[in-house]
1. Based solely on its DSSP helices, what 222 nm [θ] is calculated for the chain when runs of n ≥ 4 H residues each add -39,500 (n - 2.57) and the sum is averaged over all residues, nearest 500 deg cm²/dmol?
2. Using alpha-carbon pairs under 8 Å, 6+ residues apart, how would you state the relative contact order of the chain in percent?
3. Apply the Debye scattering formula to the chain, with a single equal point scatterer on each alpha-carbon and no solvent, then give log10 I(q)/I(0) at q = 0.06, 0.09, 0.11 Å⁻¹.
4. With a Förster radius of 45 Å, plug the Cβ-Cβ distance of residue 10 and residue 208 into 1/(1 + (r/R0)^6) and report the FRET value to the nearest 0.05.
5. What is the extension gain from residue 196 to residue 136, computed as 0.36 nm multiplied by their sequence separation minus the C-alpha to C-alpha distance, in nm to one decimal?
6. Arranged from highest to lowest average of other beta-carbon atoms within 10 Å per residue, in what order do the peptides 340-346, 293-299, 217-223 appear?
7. Mind checking Rg over Rh on region 1-152, alpha carbons, Kirkwood formula for Rh?
8. For the chain, give me the percentage of DSSP beta bridges that are antiparallel, rounded to the nearest 5 percent.
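Please treat every number below as a calculation from the coordinates, not as lab data. Since we're looking at a predicted model, the values are computed, not measured. Note: ideal-geometry Cβ built from the backbone for every residue, glycine included; neighbour counts use all protein chains shown.
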């Protein structure tokens, strides 16, 4: 933990020097403009001081230019705070020298020094370590100028009180802003570490899901294979009751295989390893296959299934992934439709084809719609009827991977319509 804190403080010190050096050029321009404006004002009241002011202004510009040139060098960027502090001390010396030589107005000197102090506090994130030398230089400059004969119209003690109070406030303000920056940096480091830990945990979860799913899929495929052989009579004729039981076993085992395949695909998507093979896919043959898949899942006599298999439309998609999406959507429709009708249809919409799965089931509560396509997210009815909540999330991601989109409209108690939009082949 100590090493971690020291690393943060070292990074903070490095950032402070870098930011201070980076902000010097724009600050130099601002101060040069202000010094020029001060020259205009000084000329209106004391035109006899123009030559001296020109010499001092030239020295100030030279100081700022040298500092900006040094700040652009990598070696001096690492010492940005010391470079800028030195620059300000030189500027204070030049301003104090001007006032001492001409025995100018002490109040004007106080205003100039306070401007530089507060401007430095706002412009440079150097903390009290940078602001304190600047504040001491301001007080020292004023003291030396007074000793050299600076004219003062107001009580001297009042001027020292003003410059001393503002200097103390500037140091305190710089220290406060530095503490805030350090706190933000610590939070950023902690958040970065937390995000890294979450990413590692998510990767471990994906590896676990992939491994477990692969180990489960192999024996399940064997169960499905032997069950089909038994049903087809390869090991002898079976009683009708036994055949019905085996058909239920095969049907539910295939559903479990589909679920495991979904888990595998979800882990591949999150790991960025899922690939799709896009090609024109005719919808009529695919819709006809969906009839054989859906009808055994429906409540006999209570739910009808209608499909438009005569439509000559086609889409650009990965056929296996498109079939996977339709199986997920139709399985959900069958699960959540106790009576009524389920319909599978397609229609052309501009340069895309919209494949719609509509049911008259229980519908979806509006509050559950925003999280409907998130992994392992289920509504209240979904939790009651069972499932793990990955089918819709996987379907949404597969649609995105094929250049399409999946959306839903629903009313609680009136059913739902899932719409899959995919690109249509060019004519």
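1. Per the formula, -23500 deg cm²/dmol.
2. Once normalised by length, the contact order is 10 percent.
3. Rounded to two decimals, the profile gives -0.55, -0.72, -0.86.
4. 0.75
5. Roughly 17.1 nm would be gained on extension.
6. 340-346, 293-299, 217-223
7. Using only Cα positions, Rg/Rh for region 1-152 is 1.05.
8. Looking only at bridges with both residues in the chain, the antiparallel portion is about 80 percent.
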